[in-house]
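Below you'll find the structure, written out as structure tokens, and then a few comments.
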């Protein structure tokens, strides 16, 4: 299981609302487990289901800058969709520490995490964000 504290950029929202952390996509690159002489790195989803969970998330729906159908849940970081309607969003004001967990159901050596976000949603919905303008952060584990 991979657990990350709040990731992404905290965004300042309008004065009537709180700071929000938002992540559109998480790719988990792992050693494929093949005992060959080379380390082959693949996305964890290629080896089976990866379950994403978070206790806290923005439960607003799409008609109020949230996400449909259940709010901005952790599962949306693994759906392959980089649009503004598909993200995990959280703020400590929701009731505690914002963290997100990923479970592959087996142990794998993590090579790298890639976190993606497309545009600031601080002022509401972002229109026509081109995927090339998305920000990606690469996180390498300590060895």
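The values are calculated or read from the model by the stated rules, or taken from the named source; none is laboratory data. What you see is a predicted model; the values in this text were computed from it and never measured. Reconstructed Cβ throughout: ideal geometry from the backbone, glycine too, with neighbour counts over all protein chains shown.
Data for the structure
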{"quantity": "Hey, residue 70 part of a strand (DSSP E or B), modelled with pLDDT of 85 or more and more than 11 Å from the chain's Cα centre (by Cα) or not", "calculated": "no"}
{"quantity": "Those residues of region 82-115 which are outside any strand (DSSP E or B) and surrounded by fewer than 14 Cβ atoms within 10 Å (Cβ to Cβ), in sequence order", "calculated": "93, 95, 96, 97, 105, 106, 107, 109"}
{"quantity": "Given (1) at pLDDT below 75; (2) touching a strand residue (DSSP E or B) at 6+ places or on another chain (Cβ under 9 Å); (3) loosely packed, with under 14 Cβ neighbours inside 10 Å, index of the condition residue 118 fails", "calculated": "(3)"}
{"quantity": "Members of region 77-99 found to be at pLDDT 90 or above and within 19 Å of residue 48 (Cα to Cα), listed by number", "calculated": "77, 78, 79"}
{"quantity": "Residue 35 vs. criteria at pLDDT 90 or above, out of contact with any strand residue (DSSP E or B) (no Cβ under 9 Å at 6 or more places or on another chain), surrounded by fewer than 18 Cβ atoms within 10 Å (Cβ to Cβ) and in a loop (DSSP other than H, G, I, E, B)", "calculated": "no"}
{"quantity": "Selection count where residues are under 18 Å from residue 136 (Cβ atoms), in contact (Cβ under 8 Å) with a residue 12 or more places away in the chain and surrounded by fewer than 18 Cβ atoms within 10 Å (Cβ to Cβ), scope region 43-80", "calculated": "3"}
{"quantity": "Answer from 109, 104, 138 - the residue that is out of contact with any strand residue (DSSP E or B) (no Cβ under 6 Å at 6 or more places or on another chain), closer than 29 Å to residue 31 by Cβ and modelled with pLDDT under 90", "calculated": "104"}
